[in-house]
1. Tell me whether the protein assembly as shown comes out rounded, prolate or oblate; compute the Cα gyration tensor, take square roots of the eigenvalues as a ≥ b ≥ c, and use a/c under 1.5 as the rounded threshold.
2. Return the Rg/Rh value of region A:178-223, two decimal places, where both radii are evaluated on C-alpha atoms and Rh is the Kirkwood radius.
3. Per 10 Å bin, what is the whole-percent P(r) computed from every C-alpha pair distance within region A:2-118?
4. What percent does the relative contact order of region B:3-123 come to when contacts are Cα pairs within less than 8 Å and at least six residues apart?
5. Cross-chain or 8 or more residues apart, Cα under 25 Å: how many lysine pairs in chain B fit that? Count them up, please.
6. What net charge do the residues around A:N87 carry, taking every other residue with its C-beta under 13 Å from that of A:N87, with Lys and Arg at +1 and Asp and Glu at -1?
7. Among the DSSP beta bridges whose two residues both lie in region A:2-118, what percent are antiparallel, rounded to the nearest 5?
8. What does the charge dipole of the protein assembly as shown about its Cα centre add up to, to the nearest 20 debye, if the Cβ of each Lys and Arg holds +1 and the Cβ of each Asp and Glu holds -1?
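Taken together, the values in this text are just the output of simple stated rules run on the coordinates, not laboratory data. Computed from a predicted model, the values in this text were never measured in an experiment. Ideal geometry is used to build each Cβ from the backbone, glycine not excepted, and the neighbour counts take in all protein chains shown.
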Amino acid sequence: MIIAEQKPLNDIIQMLEGHQRVLVVGCRSCVAVCLAGGEKEAGILAESLRLHSELKGKGWDIEEITLERACEKEWVREMEGAMEGKNAIISLACGVGAQVIHDIYPGVFVIPGVNTISMGAPEEQGIYMEKCGGCGDCVLHLTGGICPVARCSKSLLNGPCGGSQNGKCEIDPETPCGWDLIYRSLKEQGRLDLMDVVIAPKNWRPSRSGGLRKTVRREAVQTEEEKKIREAGQ
Amino acid sequence: MKIIGFVCLDSALAAAEQAGSKDKEFSSAVTLVEVPCTGRVDVVHILRAFREGADAVFIAGCLEGNCRFQYGNIEAKKRVILTKSLLQSAGLEPDRLEMFNLASNQEWRFAEIVQEMVSRVEKLGPNPLEKVNK
């Protein structure tokens, strides 16, 4: 899932200046699980902004809505009615959702209400850990199910650096060394032989180094003919 | 003066009732909102109370370790901390909000809590929204 964190209220208030009719948009997917932008958080933000507006006499008209998934156009189009008369949206969806919302409503000012942090998972209630570096060339089968790209601070692929001490990373005594975790995991699996596998210098082009990544599933892409048939049926 | 108190049914409400019957008078400016546990009080409830013109809001729950639902009062405490920071950013003094813990037989403590909030409002003045709305 995508991990995000709500921006401080002061920052959101600043970004909102100059806009009167505002829709706060939450998302029931990842940002709801990490308690950054679900229905509850959208309600709290909207109420805080109303209080601020009334205290400062700003006259903001604040409404709120929470989408099932803000990263898919079909769901975003469902807020058509709520968008009537609005000139700004505060998106509590991740950066993906915020952009899809902008795609559907290009004439409306979209304010990011959260910072999108990482691809990760809940460790325990309220604590979320980055798990995947999204490198586009997965090696988890060689590394005991632990991503060296995300969980080693240097994204090393062939063992720890000299900064690994007592299982912790040199960046912070609380951060586990990714390669210590990998070693322990492989040991538990009885696959320490994989520590000897030399992973070749990584091709970073499938990662961000290759520019914008576009994924195409040919069997799912509609042909021009299919599109015409579907459009005629609507 | 308008003070809203979200009170736990098991502790603070009982203490408030005893305070009334034992001549531990407390200010009539207080409106009590009975909740089954302070863990039921959400940030939005507190913010709405201020938007509706409350000069101060307090949440009074069981002593820590005594919650019928084990940790409802601890959840409430965390929400109060969050709400105080939201109030600050929104433009209202965080001291207008407080969380208290007490036992059902501490009617004297309930009277103290009310007095504490009354004093705070006297010091901070009325909710500025009253002025804006006028």
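1. Details: a/c = 2.77, a/b = 1.52, b/c = 1.82.
Here the protein assembly as shown falls in the oblate category.
2. Result for region A:178-223 is an Rg/Rh of 1.24.
3. For region A:2-118, the pair-distance distribution reads 16, 53, 29, 3.
4. 36
5. 14
6. Local charge sum for A:N87: -2.
7. 20
8. Approximately 820 debye in magnitude.
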